[in-house]
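The values are calculated or read from the model by the stated rules, or taken from the named source; none is laboratory data. It should be emphasised that the depicted structure is a prediction, and the values quoted were computed from it without experimental measurement. For neighbour counting, all protein chains shown are included, and Cβ atoms are generated from backbone atoms with ideal geometry for every residue, glycine included.
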Amino acid sequence: MSGGMPGAGPIVLVTGGSSGLGAAVVAAVAKAGGRPLVLDRRAPADGVPWVECDLADARAAEAATRQLAERSGGLDGVVTAAGMDVPGKLADLPGETWDRIIAVDLLATAAVVRAALPYLEASRGSVVTVASTLGVKAVSDATAYCAAKFGVVGFTRALAAELAGTVGVTLLIPGGMRTAFFDERDQQYKPGPDAILNDPDDTAAAVMFALSQPPGCTVREMVVCAEQETSYP
């Protein structure tokens, strides 16, 4: 990544940057001398520029992306780490909840990238989209999440072909991580006390590796998971 402004570190927009993997990426960008920006419903770490945004509203996500990019003088990277899930049988999950999972996990990913493209093309920057091991492996009681994350996989592969030579595109497929992602689930859908999960800081390090590639060299896809975690392959 090259800096978006003279004498400044690279500017990286992170969706969902207030918690979980997003917060780990924000910390890693700052530690590396970059300037993280955040789109989220909650405030990120102190001092990190952000715009409050419900990413289920794709047009609001686009507007917030442009607002942060203009305010900061451009973008060098985008990481779409925001995500949600409410497990349950298709017949039992309210339609509004099912739709919201698709909106946050898939439609917001496309909306933020779409709005960021002019800035990334100007900087020869990079995008890292965040799918899931459940974007390549389907399981019961996860129709919305699998649909969304399979969609992120297809979207990103098509985007990489479309933007080849102009913007770097990396698909990240992470396994389960020790974050608050599972906290609000019904007990039957929470990882057990002996579950083997990854440290989000380790996954964030892989994101930083992808973002650090020079123009013309791209890490196309990465699967990052605990070796004994069962969601992949």
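Some notes on this structure:
- Checking each residue in the stretch 41-94 for being under 25 Å from residue 214 (Cα atoms) and in contact with a Phe, Trp or Tyr (Cβ under 6 Å, 6 or more places away or on another chain) picks out 69, 74, 75.
- Residue within the stretch 110-120 that is in contact with a Gly (Cβ under 6 Å, 6 or more places away or on another chain) and under 19 Å from residue 15 (Cα atoms) present: yes
- The residue that is nearest to residue 223 (Cα to Cα), counting only those in the stretch 154-171 that are surrounded by 18 or more Cβ atoms within 10 Å (Cβ to Cβ) and either β-branched (Val, Ile, Thr) or under 14 Å from the mean Cα position of the chain (by Cα) (or both), is 171.
- Strands (runs of 3 or more DSSP E) contained in the stretch 1-104 and holding at least 3 residues at pLDDT 95 or above and buried (at least 24 other Cβ atoms within 10 Å of the Cβ): 11-15, 35-40, 77-80
- Test: residue in the stretch 91-98 that is acidic (Asp, Glu) and over 19 Å from the mean Cα position of the chain (by Cα): yes
- Check on residue 131, over 18 Å from residue 210 (Cα atoms) and not β-branched (Val, Ile, Thr): no
- Selection status of residue 92, touching a Lys or Arg at 6+ places or on another chain (Cβ under 8 Å) and not aliphatic (A, V, I, L, M): no
- For the stretch 162-191, filtering for residues that are out of contact with any strand residue (DSSP E or B) (no Cβ under 9 Å at 6 or more places or on another chain) and modelled with pLDDT of 85 or more leaves 3.
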